[in-house]
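Okay, structure first, notes after.
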Amino acid sequence: GHTDADGSDAHNLDLSRRRAESVQAWLVAKESVAAARIATEAKGETEPVAPNDGREGRALNRRVEILFEKRL
């Protein structure tokens, strides 16, 4: 989970944690993914993909990224 730079670091870290956990809950409830197969991580505002000085950039920074691990 990621956030824009508005708000305090602590608030953004908590917000990004809740954002990631919300996606996890949706995947478990709606897509029947086993919760044990999902790890969440809060990034807060530490890894922006766009500048935080405009509305569009801040919107891009508020996101959840899903990474898939290939199993052998």
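The values are calculated or read from the model by the stated rules, or taken from the named source; none is laboratory data. None of these values were measured; they are calculated from a predicted model. A quick note on method: Cβ atoms are made from the backbone with ideal geometry, for glycine too, and the neighbour counts reach across all protein chains shown. Ligands, DNA and RNA are excluded from the accessible area calculation, which covers all protein heavy atoms including side chains. Shrake-Rupley method; radii C 1.70, N 1.55, O 1.52, S 1.80 Å.
I'd like the carbon and sulfur percentage of the solvent accessible area for the chain, probe radius 1.4 Å, heavy atoms only, ligands and nucleic acids excluded.
Its accessible area is 53 percent carbon and sulfur atoms.
Let me check I've understood the local charge: for VAL28, count other residues with C-beta under 15 angstrom from its C-beta, Lys and Arg +1, Asp and Glu -1. What total comes out?
That sum, taken over residues with Cβ under 15 Å, equals 0.
How much of the pair distance distribution for the chain lies past 21 Å, counting alpha-carbon pairs only, in percent?
In whole percent, the long-distance tail amounts to 31.
How much accessible area per residue does the chain have, counting only protein heavy atoms and a probe of 1.4 Å, in square angstrom?
76 Å²
Loop-only trypsin sites (Lys or Arg not before Pro) in the chain, please: DSSP not H, G, I, E or B, and at most 12 other Cβ atoms within 10 Å.
LYS70, ARG71
Quick one: net charge around ASP53, please, counting Lys, Arg +1 and Asp, Glu -1 for every other residue with C-beta under 14 Å from its C-beta.
Local net charge: -2.
Tell me the angle of helix 9-31 to the major Cα principal axis of the chain, expressed in degrees between 0 and 90 and rounded to the nearest ten.
Helix 9-31 sits at roughly 30 degrees to that axis.
Using a 1.4 Å probe and ignoring any ligands, DNA or RNA, find the accessible area of GLU31 and quote it in Å² to the nearest 10.
Accessible surface of GLU31 is approximately 100 Å².
For ALA5 paired with VAL33, estimate the spin-label separation in nm (one decimal), with each label point 7 Å from Cα along the Cα-to-Cβ line.
Each label point lies 7 Å from its Cα, and together they span 3.0 nm.
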